[in-house]
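The structure under discussion appears below in the form of structure tokens.
The values are calculated or read from the model by the stated rules, or taken from the named source; none is laboratory data. Because the structure is predicted, anything quoted here is derived from the model rather than measured. As a convention, Cβ positions derive from the backbone with ideal geometry for all residues, glycine included, and neighbour counts pool all protein chains shown. Note: accessible area is taken over every heavy atom of the protein model, side chains too, but ligands, DNA and RNA are not part of it. Shrake-Rupley method; radii C 1.70, N 1.55, O 1.52, S 1.80 Å.
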Amino acid sequence: MGTHSMKFFRTTILALSIMGVAACSSSGDEEMAAPVVADTSGIDATTAAAARAEAERLAREREAQQRMEAAALNTTVFYFDFDVSEFMASDRDVLAIHGRNLASNNSRRIRLEGHADERGTREYNLALGERRANSIRDYLVVNGASLSQIETVSYGEERPANTGQTDAAYRLNRRVEIK
Amino acid sequence: MRTLRYIFLLGLIFSKIAVAAELNIEITQGVDNPIPIAVVPFSWEGTSPLAEDIGAVVSADLQQVGEFRALPPSNMLSMPDEAAEVFFRDWRILAQDYLLVGKITHSPGSQLVQVQYEFFDVAREQKLIGEVLTGSVSQLRDIAHEISNVVYQQVTGTRGAFSTEILYVSAQFISPELTYYRIEKSDYDGHRSQILVESQEPLMSPAWSPDGSQIAYLSFETNLPRIYIQEIATGQRRQITDFPGINSSPVWSPDGSKLAMVLSKDGSPDIYVMDLATSQLTRLTDHPRAETEPSWAADSRSVIFTSDRTGQPQIYQVPITGGFPERLTFDCFYCSKGRFLPDGKNLVHVRRDTREDNSYSIAIFNIETQRVITLTDTSLDESPSVAPNGSMIMFATKVGGRGILDAVSIDGRVKFRLPSAQGDVREPSWSPFLN
């Protein structure tokens with residue numbers, strides 16, 4: 001069964017349960033629910049079952065959401081393209097979650113450590129690392145964090161994550177770490 | 001098993017002893033026709049051997065700058081130690097242009113020694129200069145460098161920089177959690193290194209005060225980059241900045257009264273000048289992009305710096321009274337860390353010509369003729385620092401994954417290298433004349 005028809009099916013059940021005529025098997029399996037809709041012998045029981053199923057579904061969604069947020073909050077290293085100080089578009093959602101988390105935890109403080117790869121001059125790379133950290137700081141603030149919760153520091157090229165001279169090593173070194 | 005034990009022992013040694021990173025000089029390129037000079041081993045009247053061989057130190061000095069070739073003592077026909085014993089024919093036969101002889105004697109009634117040297121032009125059969133230098137046995141190396149200075153000046157007309165020193169940063173990786181960062185000082189040739197500052201947090205940008213008595217540097221010891229000044233002789237130090245954001249790149253004005261630096265307290269890195277007597281700050285640049293790597297013009301009236309206001313780093317110059325900065329470099333993808341040679345016209349810098357070449361070299365740009373000479377062929381060159389006589393540039397590069405110090409003459413003909421026996425070395429800073 002494709003996701004589209006699944007979605008449609010769910011909507012039908014929801015509409016029925018709101019009308020108070022929906023029924024549901026005790027298994028809570030939505031696919032099994034449709035055939036018993038016509039059974040009107042125990043309306044109260046079936047309504048309760050539907051509500052329970054709905055609650056379970058919401059709990060599952062909440063859990064999934066929490067798992068996703070936890071994963072996002074555990075993602076604390078963000079990588080940058082060469083010579084670029086804006087974070088990658090693919091990190092936007094994760095950073096938004098960090099921002100909202102800070103917004104809802106006023107006492108939480110973080111430190112953003114910006115880094116550059118070793119190419120070019122050290123003091124210029126210090127500036128580059130700060131700019132990267134600031135780009136993330138600004139996005140956290142857009143998502144509700146307060147400036148006073150965030151300290152930024154640049155280590156430039158002084159603390160490489162990988163000491164190699166390959167493009168792969170350089171990619172790992174152009175980063176901002178949330179600490 | 002044996003290998004394991006060996007590594008374990010090494011680990012113990014490295015973790016227990018904070019040794020300065022010993023630098024061993026290697027001459028990597030000399031001129032095609034170096035001046036032949038014979039430095040006869042200096043005689044010594046004492047019975048116990050001396051710690052330093054003055055003749056060998058002078059020979060090494062003169063060969064390191066590439067313009068000289070010293071005759072091996074084993075090829076010498078005679079070993080005079082004073083003018084009366086010199087037969088010029090012996091040296092003409094060996095095609096020597098110059099001859100240095102000398103002797104070391106006890107200074108009467110003291111612990112000191114006297115070093116007498118005499119320097120000759122072989123073709124003219126003429127003594128050019130002779131002196132007696134007195135010092136302690138522990139100063140023999142200093143005495144040797146001073147003799148090299150005199151010889152160099154006699155032949156080239158330029159003041160020798162053999163008595164100068166260098167500052168540099170060393171980083172000794174122990175484990176992913178532990179790296180020792182050190183600021184060290186040594187003779188210009190890497191000898192007699194000593195640790196001035198040690199930290200487990202990064203250290204950067206060591207700079208000399210113009211009188212050579214103090215250093216300024218950047219330390220992350222508080223987990224934030226802050227500028228410190230330290231007296232070399234006493235080790236006494238003070239933190240001189242504590243502004244939010246980057247505090248970096250301290251450089252003394254030639255008159256010693258001010259420190260140029262980079263602060264990002266107002267949003268982005270900009271160039272400031274601090275009056276050291278009053279701690280008063282003057283802001284020289286005000287731009288939302290990065291302005292960094294300040295360096296003074298010789299007259300203390302302007303500062304050059306790196307800015308990426310047009311997208312990529314380029315070098316600019318601004319008067320210390322402020323005003324609109326003038327852009328100096330145009331024809332490079334990446335030009336940064338500019339430093340003027342003593343002539344005030346030639347600008348040493350780090351250059352990446354195009355986006356595609358992906359190689360950072362040391363180059364000299366003449367601001368009058370606009371001519372560019374690229375001096376190096378390694379690809380991760382940075383931190384050029386000019387000898388006080390303007391003859392050589394020392395810089396940092398990577399060879400085989402290791403950070404090393406390299407030096408190149410300003411005409412690109414002579415090169416020598418100071419690899420570290422342990423860890424990475426970088427950010428050399430050549431001292432002013434110290435005597």
Starting from the stretch A:78-92, keep only residues that are within 14 Å of chain B (Cβ to nearest Cβ), then list their pairs with residues that are surrounded by fewer than 13 Cβ atoms within 10 Å (Cβ to Cβ) and at pLDDT below 95 whose Cβ atoms are within a distance under 9 Å, requiring at least 6 positions of separation or different chains. A:Phe82/A:Asp167; A:Asp83/B:Arg355
So which residues in the stretch A:95-122 are touching a helix residue (DSSP H, G or I) at 6+ places or on another chain (Cβ under 8 Å) and under 13 Å from A:Glu177 (Cα atoms)? A:Leu95, A:His98, A:Ile110, A:Leu112, A:Glu113, A:Gly114, A:His115, A:Ala116
Scan the strands (runs of 3 or more DSSP E) fully inside the stretch B:300-418 and keep the ones with 1 or more residues being under 24 Å from the mean Cα position of the chain (by Cα) and among the hydroxyl-bearing types (Ser, Thr, Tyr). B:302-307, B:334-340, B:361-366, B:372-374, B:382-386, B:392-399, B:402-409
Taking into account only those residues within the stretch B:304-344 that are surrounded by 24 or more Cβ atoms within 10 Å (Cβ to Cβ) and aliphatic (A, V, I, L, M), which is nearest to the other protein chains (Cβ to nearest Cβ)? B:Ile315
Among the residues of the stretch B:278-285, are any closer than 21 Å to B:Ile393 by Cβ and assigned by TED's automatic domain parsing to the domain that holds B:Asn358? no
Some residue of the stretch B:248-258 being more than 13 Å from chain A (Cβ to nearest Cβ), hydrophobic (A, V, I, L, M, F, W, C) and closer than 28 Å to B:Asp299 by Cα: yes
Out of everything in the stretch B:165-184 that is out of contact with any Phe, Trp or Tyr (no Cβ under 8 Å at 6 or more places or on another chain) and not hydroxyl-bearing (Ser, Thr, Tyr), what residue ends up being modelled with the highest pLDDT? B:Arg182
Would the stretch B:257-276 turn up any residue that is small (Gly, Ala, Ser) and under 30 Å from B:Glu356 (Cβ atoms)? yes
In the stretch B:31-64, anything in a loop (DSSP other than H, G, I, E, B), touching a helix residue (DSSP H, G or I) at 6+ places or on another chain (Cβ under 7 Å) and in contact (Cβ under 8 Å) with a residue 60 or more places away in the chain is listed as B:Val40, B:Phe42, B:Leu50, B:Ala51, B:Glu52
Kindly list the number of the only condition in (1) more than 19 Å from B:Glu201 (Cα to Cα); (2) within 14 Å of chain B (Cβ to nearest Cβ) that fails for A:Asn143. (2)
Look through B:Gly109, B:Gly66 and report the one residue that is at positive phi and open to solvent by 20 Å² or more (accessible area, probe 1.4 Å). B:Gly109
Would it be correct to say that B:Ser391 is more than 14 Å from chain A (Cβ to nearest Cβ), crowded, with 22+ Cβ neighbours inside 10 Å, under 12 Å from B:Trp430 (Cβ atoms) and of a type outside the set (A, V, I, L, M)? yes
Within the stretch B:112-127, take every residue that is open to solvent by 50 Å² or more (accessible area, probe 1.4 Å) and in contact (Cβ under 8 Å) with a residue 24 or more places away in the chain and give me the one that is farthest from B:Leu99 (Cα to Cα). B:Leu112
Of everything in the stretch B:182-204 that's open to solvent by 10 Å² or more (accessible area, probe 1.4 Å) and within 14 Å of another protein chain (Cβ to nearest Cβ), which residue is nearest to A:Glu123 (Cα to Cα)? B:Glu201
Restricting to the stretch A:150-179, and then to whatever is within 7 Å of another protein chain (Cβ to nearest Cβ) and assigned to a loop (DSSP other than H, G, I, E, B), can you tell me which residue is nearest to the chain's Cα centre (by Cα)? A:Arg159
Within the stretch A:52-94, residues being open to solvent by 60 Å² or more (accessible area, probe 1.4 Å), assigned by TED's automatic domain parsing to the domain that holds A:Asn125 and over 16 Å from the mean Cα position of the chain (by Cα) number 3
What strands (runs of 3 or more DSSP E), lying completely within the stretch B:194-293, carry at least 2 residues that are under 21 Å from B:Ile166 (Cβ atoms)? B:194-199, B:203-208, B:214-219, B:226-231, B:247-252, B:258-263
Looking at (1) facing chain B (nearest Cβ under 9 Å); (2) free of Cβ contacts under 8 Å to residues at least 40 places away in the same chain; (3) among the polar types (S, T, N, Q), which is the one condition that is false for A:Asn125? (1)
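Okay, residues lined up against (1) at pLDDT 90 or above; (2) surrounded by 12 or more Cβ atoms within 10 Å (Cβ to Cβ):
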| site | (1), (2) |
| --- | --- |
| B:Met1 | no, no |
| B:Ser48 | no, no |
| B:Ala70 | yes, yes |
| B:Leu77 | yes, no |
Qualifying positions in the stretch B:345-381 - crowded, with 20+ Cβ neighbours inside 10 Å, touching an Asp or Glu at 6+ places or on another chain (Cβ under 8 Å) and closer than 20 Å to B:Pro206 by Cα: B:Val350, B:Ile362, B:Asp381
